[in-house]
1. Dipole of region 85-196, Cα-centred, from +1 at each Lys and Arg C-beta and -1 at each Asp and Glu C-beta, to the nearest 20 debye?
2. What shape does region 57-190 have by the C-alpha gyration tensor, where a ≥ b ≥ c are the square roots of the eigenvalues, rounded means a/c under 1.5, and otherwise prolate means a/b greater than b/c and oblate the rest?
3. Once region 198-251 is represented by equal point scatterers at the alpha-carbon sites, with solvent omitted, what log10 I(q)/I(0) does the Debye formula produce at q = 0.12, 0.16, 0.27 Å⁻¹?
4. Compute the Cα gyration tensor for region 118-169, then decide on rounded, prolate or oblate, letting a ≥ b ≥ c be the square roots of its eigenvalues: rounded whenever a/c is under 1.5, prolate when a/b is larger than b/c in the other cases, and oblate in all that remain.
5. When a/c reaches 1.5 or more, the comparison of a/b and b/c decides; with that in mind, is region 96-142 rounded, prolate or oblate per its Cα gyration tensor?
6. So if R0 is 41 Å, what FRET efficiency would residue 238 and residue 133 give, r being the distance between their Cβ atoms, rounded to the nearest 0.05?
7. So how much slack lies between residue 175 and residue 260, counting 0.36 nm per residue of separation and subtracting their Cα-Cα distance, in nm?
8. Rounded to whole Å and ordered largest first, report the semi-axes of the equivalent ellipsoid of region 163-256 derived from its Cα gyration tensor (root of 5λ).
Amino acid sequence: MKGRARKREPILCLTAVLAGLLAAGGSAQRLDLDGFQAQPEFYFVRLAYNSNPWLSGGWGAQWSSWTTDAPEAETHFLQGLSRLTRIHAARDGRAIRLEDEQLYDYPFLYAVEVGRWHLSDEEAALLREYLLRGGFLMVDDFHGTIEWEGFMQSMRKVFPDRPVVELPDTDEIFHVLYDLDQRTQIPNVWGAMTGRTWERDGYTPHWRGIYDDDGRLMVIINFNMDLGDAWEHADPPQYPEPLTALAYRFGVNYVLYAMTH
């Protein structure tokens, strides 16, 4: 395939794996043996996609859904990741399209507002290959029946033969660093301020996923939740600290799982 000569499994250096397993408060600047600042071990990479115009306000809005909460959500989350673990995380997020040959440099992808995404057949095939080769996808911030179907229209192209399942409390991803058995709905900022934690008809939060043949979780699906808003509004007092802290813990577990599986 043209332009895909560099295709390979996402590669993670051993230092990143070991560092990610060691929780710590605070993190010092990472330097290599010559005293130069070391390269980050982890990049938060946001998936750029075309939106379904029927769910995104028309063709003029088709490019905007994937940018929701950027760049504050990833900037704040990366700060928390550096404080809560020994991972040397980049300070700022990045964005990538599935056609980019650098996709395989990153083991973790974040996709937001996926109830409005629209993957072509080619993009679906590229995402399937990325995931089966060891990549990990976190999806977030979509709500209700209509947006679930919008998400699944593209996900069925990616994995027509793999089921989406509810994740049990015992799944490893909930116990990599933090033991997370709270199924608390993490709302957007307005929901957090008003107590109306749901959007549309998405009353119940769901943690769902898709596994590969070896039982590795490839896709974590945060449905009827908005972790990105909890990260984005980590500093303002209007967003309750317990919800922000919980969203950070979920995100940290997801990253550590992606980097070690």
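The values are calculated or read from the model by the stated rules, or taken from the named source; none is laboratory data. From a predicted model like this one, the values you see are computed outputs, not experimental measurements. Because the Cβ atoms are built from the backbone with ideal geometry, glycine has one as well, and the counts that use them run over all protein chains shown. All accessible areas refer to the heavy atoms of the entire protein, side chains included, with ligands and DNA or RNA removed. Shrake-Rupley method; radii C 1.70, N 1.55, O 1.52, S 1.80 Å.
1. 220 debye
2. rounded
3. Reported log10 I(q)/I(0), two decimals: -0.36, -0.59, -1.06.
4. oblate
5. It comes out oblate by the Cα gyration axes.
6. Efficiency for this residue pair is about 0.50.
7. The span from residue 175 to residue 260 would gain 29.3 nm if fully extended.
8. 24, 15, 10
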